[in-house]
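To start, the structure itself, in structure tokens.
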Amino acid sequence: MRRVLRCLPALLLAGLPGLAHATEWLASPAMHPPDTWQGRTVAVVRVLDKLDAHVALLNVPVGQDMPYKSLTLHATSCLQRPATLPADSAAWLDVHDAHEGMAAFQGWMAVAEPATGVFQNPLYDVQLVGCAGDSVAPTPPPLAAVAVPTEATPGAPAAATPDGQPAPPQAGGVGATPVAPQPAPQPLSPPMPAMPSEPADEGAAPLMLH
């Protein structure tokens, strides 16, 4: 028994390389933004015939017309959420009925919101079930455009204040023009008083100097 206990660590060490080769590490699933849709090549549509209560599942290839009785279905695109996001599917469908006076349908149908896009007329009901076919690479949503601030153009008119006067430029702001410091105004001296005029002597002879 002691010999077995002594040999047990050696047996465990000898078996570790085999256990390491037998272990397979699973790759983590790809993470996608919340607004990512994955394209598929087939739209699965359910059609209810109200005359005989028959329900048919149609595989409508994207970009092709699918005739069914008096209906013509055309799928422009079929999108679904990737595996790491909540399940949902949406397709842009065109549905036309050959009977006279039947309105056509053109728009998005979504599985998660069946009431937003449903084709209904007195004869048929058409509803999207999901997407199938080959997968297309996920397409992330477009990035939001960032507005780039532009500098003021030289010679552009300055903004005006409510009283109609031009607004002073902001210190350190874009387009601010440096203003030279003005000297402090000097106090004005009072005007010199006028000298009183001498009274004129009437009848006096002019003074003659020799």
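Each reported figure results from applying straightforward, stated rules to the coordinates on display, with no laboratory input. Note that the structure is a prediction, hence the values are computed from the model and not measured.
Values for this structure:
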{"read-out": "Length added when fully stretched, residue 88-residue 129, from 0.36 nm per residue minus Cα-Cα", "value": "13.8 nm"}
{"read-out": "Segment residue 108-residue 35, length gained on full extension (0.36 nm per residue, minus Cα span)", "value": "24.7 nm"}
{"read-out": "Extension gain (nm, one decimal) between residue 98 and residue 76, 0.36 nm per residue minus Cα-Cα", "value": "5.9 nm"}
